[in-house]
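**Q** What follows is a single structure, and I will ask about it in a moment.
Bear in mind these aren't lab numbers, they're just calculated from the coordinates by the rules spelled out. Because the structure is a prediction, the values reported are computed rather than measured. In this analysis, Cβ positions are derived from the backbone assuming ideal geometry, glycine residues included, and neighbour counts consider all displayed protein chains.
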Amino acid sequence: MQDSHASPRLRPPRNPVERRAVTWWATQAALWWGGIVVVLAVAAAVIGPARFWLLLAAAVTAVVCLVDALVVSRVRFRVHRWEVTDDAVYARTGWFMQEWRVAPMSRIQTVDTKRGPLEQRFGLSTVTVTTASAHGAIKIPGLDHRMADDLVQTLTAITQATPGDAT
Amino acid sequence: MTADWRRLDPRTLRVTLVTMLGVAVVAGVPTTVGLLGTGLPLLVIVPVGAVLLVLGGVGIDWLRWRHTRYRVTDSRVEVRHDFVVHTVKSIPRERVRSVDIDAGPVHRLFGVVKVRIGTGQQDKAGEVITFDPLDRALAERLRGDLLRRTTTEPATAVPGELARLDWAWLRYAPLSVSTPILGAAAFGAVMQVAEWFGVQADVVRAVGGFFASLSVVELVAVLVVIGLVVGVVGSLGLFVEMWWNYRLTRESGALVMRRGLVTTRSLTLEERRVRGLEFVEPLGARLAGAARLDAVATGLRVKDEKGHSVPRSLAPAMPKAKAQALAASILGESPPPTEAAGLTAHPVAARRRRLVWAVSGALAPVAVLALLGVLLTDVLLVIAGVVAVIAVPLAVALGMDAYRNLGHGLRGEYLVARSGAVRRRTVALRRSGVIGWRVVSSPFQRRVGLLNLVAVTSANSGAYEIPDVDAAGLAFADDAVPGVLGQFLDYGPGEAAATDK
């Protein structure tokens, strides 16, 4: 334990996520916001009286789409990092609100991976580590899927070897 | 312990009969009145419907009772339904963490109770077995049997009574938010009943006529006073119903709370599930020098089956000193960790954030009123001015208070954190109950070097926030729960920023 008068900093976790996660996030943004732009544009074509406002909304959404796809995805990549030590899982996520989460090995209950359709195309996986708390889950998105599988196996082995009911 | 499959108490049919009769009357009377003008053929529907409703309800309950069996063996508690779909629910006895006994007025009429047996992971489906109904004496015996094994653990505290109702506490009941809510609800109820009978306009006219001599302002004042009186009476009644015969005792390693006038409730909380206490001071109670205690424990139901939040109070609002003494005896720590003295204050930057929130919250309606005033009528501008003059100083006071209330510290085995102005909460959380940390910061916080520290726990809703601390807060988190956050902290020289880019 250190001198509590010193001002510590939370150091970033050691490992970055995969570079191609940027493209994944950008594609996700493009599909989501782009879909809204298309709906608004179609509505503008059909509904004459409200055309100006609908087109304005579509233009604003398009700008949001570009910012999310080109800027936010890169910020996300800089923020998202993760690390597994002998006794804890540590991850940093977010872009606007940034969040650091730590869960000690002894408190981990389940470890699983998830791969959405888009993630599969990029060969990416999201690893979720849950604890007994309703708020304690650690999500690490943007991992290479083989590496994610290895990580899950390692974590499962460690947590099974750790006694206690994790509450 | 018997291993036979047994039936629930057959008095369930009588309970259902009385309940359905009540439903039939409540639904039938307004319907009859509504149909009065339409002639005989439609009016026949009401008694026929009522009979079908009662017979149907009792019939369904009879089927449920006939096809439900339960048993308590040496190793498991099981319940079986064999109608159309066959289901068996089974909980190993060593995982039983709570046995709660409730009895509504109809249940009490027939001497039966509803028993809920839980594993402490009641947010997950299938982790609760309900026996509805059982004989009261049988249920009490069952609870004793299911929770007895806890006596083998070393008892850290003597059994006995920790608290019982003091009628002087009744004076805090009208200070709760239920007073204005009940007052407003009373007006709503009057209008609702008037609408059933189609006389809403008459009621409004009658009130208008009765107070015809009063100006609008006086009328509003009179109605507010009537609402408050109804609200005060209502919240007193609510208190009596909720806390009648309140007793908190310690029995074989568990806290047992019994209370209730019309509906009696009992809550059993194994002490090894207890992770601490919340010392809660809603504004009204706080101004009167009172506080209540809420449990912090794993497996407490935060939401019920319908998604309503379940109260976790272990005691009603009582004088602060008494509440602290009760906290001390529940946690077995003296002085109680929930005492506020000596907590570390938060950085001054946190005060500015609270003032900005409070004042902008107060100015939002002022801005709307002013905008409408410019567009529509000057009267609104005057109202906006009045609102601003009243609301802004209040907001500043609340913001300052919110900052003053911020604090955190370590007391023996407990981590203590206090926050809130309208509802000040001091939580004492067992340090061993912290199962992880979260650190959250927005760009605004990062600019002034602040962050929110969140202690993750398996108790209650899962997390306790310590808002707006600076880097020293990280050292605090490391001290509180050694070996979790510490390995990720840099104590090297450099600016005291939480982040690193």
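**Q** If we count every other residue with Cβ under 13 angstrom of B:LEU17's Cβ, Lys/Arg +1 and Asp/Glu -1, where does the sum land?
**A** Within the 13 Å Cβ shell, the charges total +1.
**Q** Report the relative contact order of chain B, percent, no decimals, based on alpha-carbon pairs under 8 angstrom and at least 6 residues apart.
**A** 10 percent
**Q** So, one more: Taking K and R as +1 and D and E as -1, what net charge do the other residues with C-beta under 15 Å from the C-beta of B:ALA163 add up to?
**A** +4
**Q** A further question on this structure: Taking the convex hull of the Cα atoms, report for the range B:349-404 its projected area averaged over all directions, in nm².
**A** The orientation-averaged projected area of the Cα hull of the range B:349-404 comes to 3.4 nm².
**Q** Projecting each Cα onto the charge dipole of the protein assembly as shown (Lys/Arg +1, Asp/Glu -1 at the beta carbon, about the Cα centre), which of A:THR113, B:LEU269, B:VAL469 comes out farthest on the positive side?
**A** It is A:THR113, whose Cα lies furthest towards the positive end.
**Q** At a temperature of 10 °C and a viscosity of 1.306 mPa s, determine how fast the range B:171-243 diffuses translationally according to Stokes-Einstein, using the Kirkwood radius over alpha-carbon pairs as Rh; express D in µm²/s, rounded to the nearest whole number.
**A** Here the translational diffusion coefficient equals 119 µm²/s.
**Q** Show me the chymotrypsin sites (Phe, Trp or Tyr not before Pro) within the range A:25-126 that DSSP assigns to loop and that have at most 13 other Cβ atoms within 10 Å of their Cβ.
**A** When the chymotrypsin sites (Phe, Trp or Tyr not before Pro) of the range A:25-126 are filtered for loop state and at most 13 Cβ neighbours within 10 Å, A:PHE96 remain.
**Q** If you put +1 on each Lys and Arg Cβ and -1 on each Asp and Glu Cβ, how big is the dipole of the protein assembly as shown around its Cα centre, in Debye rounded to 20?
**A** Dipole size: approximately 420 debye.
**Q** Further question on the same structure: For chain A, what does -39500 (n - 2.57) per DSSP helix run (n ≥ 4), summed and divided by total residues, give at 222 nm, in deg cm²/dmol to the nearest 500?
**A** -14000 deg cm²/dmol
**Q** Work out the charge dipole of the range B:384-501 with +1 on the Cβ of Lys and Arg and -1 on the Cβ of Asp and Glu about the Cα centre, then indicate which of B:VAL392, B:HIS408, B:GLN487 is farthest towards its positive end.
**A** Toward the positive end, the furthest listed residue is B:VAL392.
**Q** If you place +1 on the Cβ of every Lys and Arg, -1 on the Cβ of every Asp and Glu, and leave all else neutral, what size is the dipole of chain B about its Cα centre, to the nearest 20 Debye?
**A** Here the size comes out at about 880 debye.
**Q** Separate question: Take each of the peptides B:187-194, B:418-425, average the number of other beta-carbon atoms within 10 Å over its residues, and list them starting from the highest.
**A** Sorting B:187-194, B:418-425 by mean packing, highest first, produces B:418-425, B:187-194.
**Q** Points 7 angstrom from Cα along the Cβ direction at B:ARG6 and B:LEU43: gap in nanometres?
**A** Between B:ARG6 and B:LEU43, the simple spin-label model gives 5.1 nm.
**Q** Over the Cα atoms of the range A:16-77, compute the convex hull volume and normalise it per residue, giving Å³.
**A** 50 Å³
**Q** Identify the chymotrypsin sites (Phe, Trp or Tyr not before Pro) of the range B:1-97 meeting these criteria: DSSP loop state and at most 12 other C-beta atoms within 10 Å of the C-beta.
**A** Sparse-neighbourhood loop chymotrypsin sites (Phe, Trp or Tyr not before Pro): B:TRP5.
**Q** Roughly how big is the range B:167-252's charge dipole about its Cα centre, with Cβ charges of +1 (Lys, Arg) and -1 (Asp, Glu), in debye to the nearest 20?
**A** 300 debye
**Q** Of all the stretches in chain B, which is the longest one without any exposed loop site, taking GluC sites (Glu not before Pro) in a DSSP loop (any state but H, G, I, E, B) with at most 11 other Cβ atoms within 10 Å?
**A** With GluC sites (Glu not before Pro) excluded where exposed in loops, chain B gives B:1-304 as its longest stretch.
**Q** Trypsin sites (Lys or Arg not before Pro) within the range A:9-41: which are DSSP loop residues with at most 16 other Cβ atoms inside 10 Å?
**A** Qualifying residues, ordered by number: A:ARG14, A:ARG19, A:ARG20.
**Q** Of B:VAL88, B:THR298, B:THR179, which is farthest along the charge dipole of chain B in the positive direction, counting Lys and Arg as +1 and Asp and Glu as -1 at C-beta?
**A** Farthest towards the positive end: B:VAL88.
**Q** Separate question: How long are the semi-axes of the ellipsoid equivalent to the range B:419-459, from square roots of 5 times the Cα gyration tensor eigenvalues, in whole Å, largest first?
**A** 23, 17, 7
**Q** Excluding B:THR426 itself, calculate the net charge of residues whose Cβ lies under 10 Å from the Cβ of B:THR426, where each Lys or Arg counts +1 and each Asp or Glu counts -1.
**A** Overall, the nearby charge balance is 0.
**Q** Same structure, new question: In the calculated pair distance distribution of the protein assembly as shown, what percentage of Cα-Cα distances lie above 46 Å?
**A** 36 percent
**Q** Hey, another quick one. At q = 0.30 Å⁻¹, what is the base-10 log of I(q)/I(0) for the range B:330-379 according to the Debye formula with one equal point scatterer per Cα and no solvent? Please give it to two decimals.
**A** -1.04
**Q** Could you give the nm distance between label points at A:THR85 and B:VAL216, where each point is 7 Å from its Cα heading toward the beta carbon?
**A** Spacing of the two 7 Å Cα→Cβ label points: 6.7 nm.
**Q** Let me ask something additional. As a test of the definition: which semi-axes, in Å, follow for chain B when you take the square root of five times each eigenvalue of its alpha carbon gyration tensor? Largest first, please.
**A** With the √(5λ) rule applied to chain B, the semi-axes are 43, 40, 21 Å.
**Q** What does the C-alpha gyration tensor say about the overall shape of the range A:82-161? Classify as rounded when a/c is under 1.5, otherwise prolate if a/b is larger than b/c, or oblate.
**A** In terms of gyration-tensor shape, oblate.
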